[in-house]
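Derivation of every value follows stated rules applied to the coordinates shown; laboratory data play no part. Every value quoted in this text rests on a predicted model; they were computed, and no experiment measured them. Neighbour counts are summed over all protein chains in view; Cβ atoms, including those assigned to glycine, are modelled from backbone coordinates with ideal geometry.
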Amino acid sequence: MTVLKHELRQGRTALFTWTAAIGSLLMLCVFIFPETRGDVDEMGRLFASMGRFTAAFGMDRLDLGTLTGYYCVECGTILGLGGAFFASLAGISALAKEEGDRTAEFLLTHPIARGLVAAEKLAAVLIQLAAMDLAVLALALASMKWIGQPIPWREVLLLHGANGLLQAELAGICFGISAFLRRSSAGIGVGLAAVLYLMNLVSNMTDRARFLKLITPFGYCEGADIVADGRLSAGPVVLGMALACAAVAAACLRYGRKDIL
Amino acid sequence: MDAIITEGLTKYYGKNRGIRQVDLTVRQGDFFGFIGPNGAGKSTLIRTLMGLVRPTAGRARILGLDAARDRERFLARVGYLPSEVSFYPGMRVRDILKLSADLRRRDCAGARDRLCQRLRLDPSRRAEELSLGNRKKTAIVCALQHEPELLILDEPTAGLDPLMQRAFFDLLRERNRQGATVFLSSHVLSEIQHNCTRAAMIRDGQIIADGTVAELAGTGVKRVSVRGTVDCGALAGVRDLHRTPEGADFLYSGDISALLRALSAGDLRDVTVTEPDLEEVFLQDYQRGGGGL
């Protein structure tokens, strides 16, 4: 557990920063909900004039006058993008950062198997993501309580749960990529998260791009679908988790045989 | 049991040569020097031994264990000092030393404090504030605090001031007397000659000589200095010939009788024949680019 503890200690500043950033933005959004409620009709007209962009963000199927609809659109975007960026950055730097910073030589000349190093690093990433998700969920629920609104438990928990799975999938894929890099590349991680997010927007805009929902994990985090179905779409979730597991397995195989230069 | 044995150990980085067919034996209790210029393959051999890079061919046994299969088992008994030292930012020296001990599942607090005191290393300093010398000292404590049976040290004195170099070699000699095997690479030949009992030389990825330091320094080569005139033209085995107004100075590796005949035929006021030191032999061999000593 030494590597796990060490990784958690090394990552605590990033964890605190991302949790504070996402949590405070979510709280801000929830706090202004009572103010925006009065402007629902005007907002409805505005969004109706945005054509396909309304569909891109799922606003054509959600009622922004309810906390559920408002939370899924506004807070869902913050939670989705923020969480995805943090997960990607944590995953992409897990293995490669050691080589870029030349600390791999220190770590891997101790009597610890590379497979165990990789496993403990992955566990550290997942623990950090879980810690961030729990803290952010607690802040979101507290802010809903603060504004005196009834909490839409099922929708909120499903949305946060879906985003937790999205983060796990992205972290797993980036962890896999990390094993093939010689130095941490934040650009690859953030770029991948951004591309997958855009893929979901495109898939919402046209039926011809609907298949992209199967590829991007943002597909099963779509608030409009979660509210409509009352559950997550199992197929894309299973596919995404399988992809993440395959990436992690590839990472372990590669890392075990990699030359540390 | 030998501390290190390599058989045909070869490493290519793509098409680039790292080491080729390295056969080397380091006996237990040796204070072994590994000499070679930059790019000769010293660090590649050491990184291959430590399991950081996988050999292209050949195998290595360390402390009787297969270096590829029993990596964790032999690493528990080895102390390693890399040539370039890097630590995690934000950590203090004491945290780095504790992390190293924890990774070995050992409590090294007593040895750690003694080593820090002896090397005058402040454990409260942050990693990013450390000078090159203090980073090196931290790495030395990491390598020594668990009292390993084998020390593998890659260019260990780079960055240490002369006083600290002396303290460091005192420490190594103590450990060696207590039974530890020391394997150190260096391109500072005097360091090897003054401290090591055995040594090997590497050039272009291949071992070109190994043996005791005395053997390597005295491979039949003599430094000959004459005052007066002597005809060296007919002598085979003369190299590094320097003529001065007073006489001549050269390295000689040919037949001693032929040398004496040539000297006695000359008009000499003085002559000295000495064993060249290791550095001289090494540099001559490298400048020659020959196949061995």
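Relative to the Cα centre, what is the charge dipole magnitude of segment A:2-257, using +1 at the beta carbon of each Lys and Arg, -1 at the beta carbon of each Asp and Glu, and rounding to the nearest 20 debye?
Charge dipole of segment A:2-257: 820 debye, to the nearest 20.
Between segment B:23-48 and segment A:219-261, how many Å separate their Cα centres?
45
With axes computed from alpha carbons, what is the tilt in degrees of helix A:114-146 against the longest principal axis of chain A, rounded to the nearest 10 within 0 to 90?
The answer is roughly 20 degrees.
Which angle between 0 and 90 degrees, to the nearest 10, do you get for helix A:153-178 versus the longest principal axis of chain A when only C-alpha atoms count?
On a 0 to 90 degree scale, this one is about 30.
Would you mind telling me which residue in A:100, A:76, A:148 has the biggest mean-square fluctuation in a Gaussian network model of chain A, where springs connect alpha carbons within a distance under 10 angstrom?
A:148
Fewest to most neighbouring Cβ within 10 Å: what's the order for B:152, B:207?
B:207, B:152
Please check: in the Gaussian network model of chain A (C-alpha springs, under 10 Å), which one of A:155, A:105, A:222 has the largest mean-square fluctuation.
Judging by the Gaussian network model, the answer is A:105.
Quick one: dipole size for chain B, taken about the Cα centre, charges +1 on Lys/Arg Cβ and -1 on Asp/Glu Cβ, in debye to the nearest 20.
About 1200 debye.
Could you count how many Lys pairs in the protein assembly as shown have their Cα atoms under 14 Å apart, skipping same-chain pairs fewer than 8 positions apart?
Counting lysine pairs in the protein assembly as shown gives 5.
Express as a percent, rounded to the nearest 5, the fraction of DSSP beta bridges in the protein assembly as shown (both residues included) that run antiparallel.
Approximately 70 percent, going by the DSSP bridge assignments.
Search the structure for amide H atoms under 5 Å from the amide H of residue B:228, placed 1.01 Å from N in the peptide plane, and list their residues when 5 or more places away or on another chain.
Under 5 Å from the amide H of residue B:228: B:247, B:248, B:269.
Alpha carbons only, please: Rg and Dmax for chain B, in angstrom.
Final numbers for Rg and Dmax: 22.4, 73 Å.
Relative to the longest principal axis of the C-alpha atoms of chain A, give the angle of the C-alpha long axis of helix A:186-205, reported between 0 and 90° and rounded to the nearest 10°.
Roughly 30 degrees between the two axes.
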